[in-house]
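Enquirer: Structure provided below as structure tokens; questions to follow.
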């Protein structure tokens, strides 16, 4: 019975061991020496979604993967890559979802057109009801 209690306690504590004990990536929380490059990196990091937190950018997230992504962005910008190329690489790797900037690909057109169509339909319905109410 006692060994069963120990086993249950070990299994319950397993999620606490899931966090890495590795040190954070070098550029995760450091600024680049060149302020222009740092500004480009920060702007890009604010436009990229944390893969774990989902509602936060990698600039705001404390998740380990967000730190790794901040490090990656800073390293690539420090190496001379343009922010657009870094974003393209991350979108290619993780999908459109990683970027807060909406896609202009044809598959996203319904998402762009839906609000316009719904506003038009709402205006047409309201107009029809007002005409009907005036004629009564």
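Enquirer: Express in nm, to one decimal, how much length is gained between residue 92 and residue 116 on full extension, taking 0.36 nm for each residue of separation and deducting their alpha carbon distance.
Expert: This chain segment gains 5.7 nm when fully extended.
Enquirer: Follow-up question, since we're still on this one. Where does helix 83-94 land angle-wise versus the long Cα axis of the chain, in degrees 0 to 90, nearest 10?
Expert: Taking Cα atoms only, the helix is inclined about 80 degrees.
Enquirer: I need 52, 73 ordered by Cβ neighbour count within 10 Å, fewest first. Present the calculation step by step, with values, prior to reporting the outcome.
Expert: Numbers: 52 13, 73 27.
So the ranking, lowest neighbour count to highest, is 52, 73.
Enquirer: Moving on. Using the number of other C-beta atoms within 10 angstrom as an exposure proxy, rank 2, 129, 75 with the fewest first.
Expert: With the sparsest Cβ surroundings first, the list reads 2, 129, 75.
Enquirer: Tilt of helix 109-135 relative to the longest C-alpha principal axis of the chain, in degrees (0 to 90, nearest 10)?
Expert: Taking Cα atoms only, the helix is inclined about 30 degrees.
Enquirer: What ranking do 134, 43 get, fewest neighbouring Cβ atoms within 10 angstrom at the top?
Expert: 134, 43
Enquirer: Hey, another quick one. If I fit a long axis through the Cα atoms of helix 64-78 and take the longest principal axis of the Cα atoms of the chain, what angle between them do I get, 0 to 90°, rounded to 10?
Expert: Taking the Cα atoms of the chain, the angle to 64-78 is about 80 degrees.
Enquirer: From the list (1) 2, 9, 13, 13, 11, 9, 7, 7, 7, 6, 5, 4, 3, 2, 1, 0, 0; (2) 2, 10, 21, 24, 21, 13, 5, 2, 1, 0; (3) 2, 10, 16, 19, 19, 16, 11, 5, 2, 0, can you say which value of P(r) over Cα pairs in 5 Å bins from 0, in percent was derived from the structure given?
Expert: (1)
Enquirer: Along Cα→Cβ, 7 Å out, is where each label goes; now give me the distance between the ones at residue 129 and residue 21 in nm to one decimal.
Expert: If labels sit at residue 129 and residue 21, their model points lie 6.4 nm apart.
Enquirer: Would you work out if the range 23-101 is rounded, prolate or oblate? Take a ≥ b ≥ c from the square roots of the eigenvalues of the alpha-carbon gyration tensor; rounded if a/c is under 1.5, else prolate when a/b is larger than b/c, oblate otherwise.
Expert: Oblate shape, in that a/c is at least 1.5 and b/c is the bigger or equal ratio.
Enquirer: Along Cα→Cβ, 7 Å out, is where each label goes; now give me the distance between the ones at residue 101 and residue 53 in nm to one decimal.
Expert: If labels sit at residue 101 and residue 53, their model points lie 2.1 nm apart.
Enquirer: Ok, one more. Students often check this: by mean Cβ neighbours within 10 Å, which of 99-110, 82-93 ranks highest, and how do the rest follow?
Expert: Values: 99-110: 10.4, 82-93: 14.2.
My ranking of the peptides, most packed first, is 82-93, 99-110.
Enquirer: Counting alpha carbon pairs within less than 8 Å and at least 6 residues apart, what relative contact order, in whole percent, applies to the chain? Before the final figure, lay out the partial values.
Expert: Working: 96 pairs, mean separation 26.5, N = 136.
So the answer I get is 19 percent.
Throughout, read-outs are computed from the coordinates displayed, never taken from laboratory work. Computed from a prediction, not measured in an experiment: that's the story for all the values here. Heads up, the Cβs are rebuilt from the backbone with ideal geometry, glycines too, and the neighbour counts pull from every protein chain shown.
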